[in-house]
Amino acid sequence: MTSTLLDQLVTLRGIESNYVDAWGNPATVDKDSKQKLLKAMGYAVDDSDKLQSQVEQEVRSAWLTPLNPVQVVRRGEAVNVTVRLPIELVNDSYNVAITTEQGEQIVQTLVPTDGELLNVAEFEDGEFQEYMFTLSEALPLGYHDLNLLAEDGDHIADMRLIVCPTSCFKPADIEQGKKVWGLSVQLYCVRSSRNWGVGDFTDLSELVRDAASHGAHFIGLNPIHALYPSNPNACSPYGPSSRRWLNIIYLDVTALPCYEDPAVQEIVNSNDFQATLEHVKAVDYVDYEGVMQLKLKALNAVFDAYRSKYLSKNTKQNKAFKAFVEAGGESLDMLAVYDALQEFLSSEGKPSWGWPVFPARYADYHAPDVAKFKKANKERVMFYLFCQWQAALQLEQAQQTALDSNMMIGLYRDLAVGVSEGSAEIWGNKDLYCIDASVGAPPDILGPLGQNWGLPPMDPDKLYAQRYQPIIDLFDANMRAAGALRIDHVMALLRLWWVYRGDNAKLGSYVYYPVDDLLGILALESHRHQALVIGEDLGTVPEEIRTKLADAGVYSYRVFFFEQAEDGGFFSPSHYPEQSMSTLTTHDMPTLIGFWHCLDLELGKELGLYPTDEILSTLYNDRHINKQAILDTLHGHHSIGEDVGRRVEDVGMNQALNFGMQKHMATGSSALLSLQLEDWLQMDKPVNIPGTFNEYPNWRRKLSRNLEDIFDDQNIQQLAQELTQRRNAASN
């Protein structure tokens, strides 16, 4: 009985038993792995009686709920709603009252038995029946409320009804065949003569202006999600505290109002401050602790001056701040309280890396002691609210600079696949996350050992029960101040590789998500924000998701080095899908110089990333073969001249080969071409090595030149001009 029940639960909860691996081979998920994932979802898999009771209660609870929590439909589709009622009530008459997002009221009378009988269930307290009925009126796009009312007007149940476009937004020029290029940059890497040791939003505006003047139509960013001001060395942009809010390290303090206040100037001009500032600007790797220390000192003084001048009075600035806080709701308050609490615990010398080590009374945002802390530390919470407000304003200014510079897209932001275990996002909504599991990836070419990213996954059933609000909020927040959104690991809309706490990454399994609903919401938010959507569809990708993404108007992500034919040759970029963004490398790959000189393989060997010498030897051999195939491709398409040799043994990476590869990509059919600033600067060190933590300084390596100098380089000016010419020639 228990074995059968477990098998049913595995199927019911979308846990995969079989899949195709990265090499095209069938793979089977271990039975123990599936049971552990059920355990992570909250099932008592080790107690058969308790498990039986738990499942029976879930089934009964579903039948006692007259309406589903949420339903997603596409515009033009019939809206079929299901209702579950005790058998003695199914012949009664009810009113279905719909309030559209636009404020329109629609009422329809319903007698359940006039609809289609779908299912019947019987419990100790009687029989229940489920019927389906069709709404008679078409609904506009948006988020609507549906209420089921008795004839006397008493409320019985309610649900959210989401009406979505069939596909995501596309800019008119791009839809008509225009081909554009842009630069991809890790914002923290940017050097400039004026920043404080880390790239900031003013640098971003400057980069936007310079790139636009040389033909670029977008700047692609790393995730700029909120991290941990009191734990600045937790610096991975892909392990954030909240994906809805911003990393305040990117604030340009010097551009804030009240920065010129004498109290602020006294701090920033002190000898100690200037000495630390000189250090963090000079080092080749971002000193997150030093930078955050400086910024918090200055931000504290700016906030004190601003609060005294504006927030303590009935000013337009105070009204704007309060409006921002009100719009941010519980999510913004949660982050600000978390940051203030983590700061307090750190100052007390108590464990504070994340809520799992907070004192028990503070381990949940909704706890009474947290409310008391918030009240007692009102000004400190307000400080972090203020920082988020100013960060949002500076980011909006960068996007406005892009629009003023006639960029077609402007900023494209990056949505990380999850939040870290100790995050504010989980602290405030633990019911949504399975904290005994982590997102990762099965063994593949980039990670032969598999990957465990330390990001607890959302429970698909709880996401559904919460009416998809967390996903709606994520898409909405990350499309603000942007013309495009890149979704990291876009397969997460269909399935995620879950790994149970403490297990090897290869012992996980895929868990499925309601992909059609999520794509519908993505399309709706895309149109609301007029933001194009790019899906990072690398790794182990089932064909079903590629087709769904394409039909939903999501742009595929095509990396040159992965676009190989069965004979080992590289496909011409002219064969890439038009609905795609092409690129040479990514933040998880070596730079062009690193790839060509096998520096990534050398580093991987030093760091122990390859289980055997045989695997490493195979990788070296494959790299040699691939490099020859790349030379053959580039010469075959006349993308490089005869000054670049034809035999790989004779050719090192130089500017002619580097720029030739970039110009080769510009002739392609992808609507978007993204090129990494590191490759423009011919840098060798990677920004991140997947599968490492402290072994390599991930997310810290700075660019080799100051921002002000990059576009003064005549070689770069010439490259940008040729990229623009080739993109224009490739346009329909």
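The values are calculated or read from the model by the stated rules, or taken from the named source; none is laboratory data. All of these numbers come straight from a predicted model, not from anything done at the bench. Cβ: placed from backbone, ideal geometry, glycine included. Neighbour counts: every protein chain shown.
Restricting to segment 258-278, name every residue that is closer than 27 Å to Asn222 by Cα and loosely packed, with under 14 Cβ neighbours inside 10 Å.
Within segment 258-278, Glu278 is the sole residue that qualifies.
So Leu110 ticks every box in (1) under 16 Å from Ala157 (Cβ atoms); (2) touching a Pro at 6+ places or on another chain (Cβ under 8 Å) but one. Which box is left unticked?
In the conditions (1) under 16 Å from Ala157 (Cβ atoms); (2) touching a Pro at 6+ places or on another chain (Cβ under 8 Å), Leu110 misses (2) alone.
Taking the residues in segment 106-159 that are more than 24 Å from Ala62 (Cβ to Cβ) and touching a helix residue (DSSP H, G or I) at 6+ places or on another chain (Cβ under 8 Å) as candidates, determine which candidate is surrounded by the fewest Cβ atoms within 10 Å (Cβ to Cβ).
That would be Gly142.
Does segment 356-368 include one or more residues that are basic (Lys, Arg) and part of a helix (DSSP H, G or I)?
Taking every residue of segment 356-368 in turn, at least one turns out to be basic (Lys, Arg) and part of a helix (DSSP H, G or I).
Determine which single condition Tyr510 fails, assuming it passes every other condition in (1) touching a Leu at 6+ places or on another chain (Cβ under 8 Å); (2) surrounded by fewer than 21 Cβ atoms within 10 Å (Cβ to Cβ).
Among (1) touching a Leu at 6+ places or on another chain (Cβ under 8 Å); (2) surrounded by fewer than 21 Cβ atoms within 10 Å (Cβ to Cβ), Tyr510 violates only (2).
Go through segment 137-180 and count every residue that is within 30 Å of Pro470 (Cα to Cα) and at pLDDT below 95.
Residues meeting the conditions: 2.
Just name the residue that is farthest from Thr276 (Cα to Cα) out of those in segment 156-197 that are more than 25 Å from the chain's Cα centre (by Cα) and among the polar types (S, T, N, Q).
Gln176
Are any of the residues in segment 677-692 surrounded by 19 or more Cβ atoms within 10 Å (Cβ to Cβ) and over 30 Å from Pro448 (Cβ atoms)?
yes
Please work out if Ala505 is at pLDDT below 95, on the phi < 0 side of the Ramachandran plot and surrounded by fewer than 22 Cβ atoms within 10 Å (Cβ to Cβ).
Spelling it out, Ala505 is indeed at pLDDT below 95, on the phi < 0 side of the Ramachandran plot and surrounded by fewer than 22 Cβ atoms within 10 Å (Cβ to Cβ).
It is to be established whether one or more residues within segment 652-664 are buried (at least 20 other Cβ atoms within 10 Å of the Cβ) and under 27 Å from the mean Cα position of the chain (by Cα).
yes
Within segment 297-330, which residues are within 27 Å of Pro240 (Cβ to Cβ), of a type outside the set (D, E, K, R) and surrounded by fewer than 19 Cβ atoms within 10 Å (Cβ to Cβ)?
Correct list: Asn300, Ala320, Ala323, Phe324, Val325, Ala327, Gly329.
Could you please find all residues in segment 130-163 being assigned to a strand (DSSP E or B) and either free of Cβ contacts under 8 Å to residues at least 24 places away in the same chain or within 30 Å of Asn732 (Cα to Cα) (or both)?
His155
For segment 168-283, please list each of the strands (runs of 3 or more DSSP E) lying entirely inside it that holds at least 3 residues being under 19 Å from Ile710 (Cβ atoms) and of a type outside the set (A, V, I, L, M).
Qualifying strands (runs of 3 or more DSSP E): 180-185.
Taking the residues in segment 4-41 that are over 22 Å from Asp431 (Cα atoms), free of Cβ contacts under 8 Å to residues at least 24 places away in the same chain and β-branched (Val, Ile, Thr) as candidates, determine which candidate is surrounded by the fewest Cβ atoms within 10 Å (Cβ to Cβ).
It comes out as Thr4.
What single numbered condition from (1) of a type in the set (A, V, I, L, M); (2) touching a helix residue (DSSP H, G or I) at 6+ places or on another chain (Cβ under 9 Å); (3) closer than 26 Å to Cys189 by Cβ fails to hold for Ala282?
It is condition (2) that Ala282 fails.
Let's see how each residue does on (1) in contact with a Ser or Thr (Cβ under 7 Å, 6 or more places away or on another chain); (2) surrounded by 23 or more Cβ atoms within 10 Å (Cβ to Cβ); (3) in a helix (DSSP H, G or I):
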residue	(1), (2), (3)
Lys375	no, no, yes
Met382	no, no, yes
Leu393	no, no, yes
Ala402	no, yes, yes
Asp414	no, yes, no
Val419	yes, yes, no
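Here is a yes/no grid of residues against (1) acidic (Asp, Glu); (2) out of contact with any Leu (no Cβ under 6 Å at 6 or more places or on another chain):
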residue	(1), (2)
Gln469	no, yes
Leu474	no, yes
Ala481	no, no
Leu493	no, no
Arg501	no, yes
Asp516	yes, yes
Ile521	no, yes
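Considering only residues that are touching a Pro at 6+ places or on another chain (Cβ under 9 Å) and either among the hydroxyl-bearing types (Ser, Thr, Tyr) or buried (at least 24 other Cβ atoms within 10 Å of the Cβ) (or both), which ones fall in segment 465-483?
Tyr468, Asn478, Gly483 - these are the residues of segment 465-483 that are touching a Pro at 6+ places or on another chain (Cβ under 9 Å) and either among the hydroxyl-bearing types (Ser, Thr, Tyr) or buried (at least 24 other Cβ atoms within 10 Å of the Cβ) (or both).
Test of understanding: among Glu101, Glu56, Glu88, which residue is exposed (fewer than 15 other Cβ atoms within 10 Å of the Cβ), at pLDDT 95 or above and among the charged types (D, E, K, R)?
Glu88
May I ask you to list pairs of residues, at least six apart or on different chains, whose Cβ atoms are under 6 Å apart, with the first in segment 653-676 being in contact (Cβ under 8 Å) with a residue 12 or more places away in the chain and the second being part of a helix (DSSP H, G or I) and among the aromatic types (Phe, Trp, Tyr)?
Filtered contacts from segment 653-676: Met653/Trp596.
Within segment 323-330, is there a residue that is more than 27 Å from the chain's Cα centre (by Cα) and not in a strand (DSSP E or B)?
Looking for residues that are more than 27 Å from the chain's Cα centre (by Cα) and not in a strand (DSSP E or B), one finds none in segment 323-330, hence no.
Can you pull out the residues in segment 433-458 that are modelled with pLDDT of 95 or more and either assigned to a strand (DSSP E or B) or within 17 Å of the chain's Cα centre (by Cα) (or both)?
Answer for segment 433-458, where residues must be modelled with pLDDT of 95 or more and either assigned to a strand (DSSP E or B) or within 17 Å of the chain's Cα centre (by Cα) (or both): Tyr433, Ala437, Ser438, Val439, Leu455, Pro456, Pro457, Met458.
For segment 401-458, give me each residue that is among the basic types (Lys, Arg) and out of contact with any Lys or Arg (no Cβ under 8 Å at 6 or more places or on another chain).
Hit for segment 401-458 is Lys430, nothing else.
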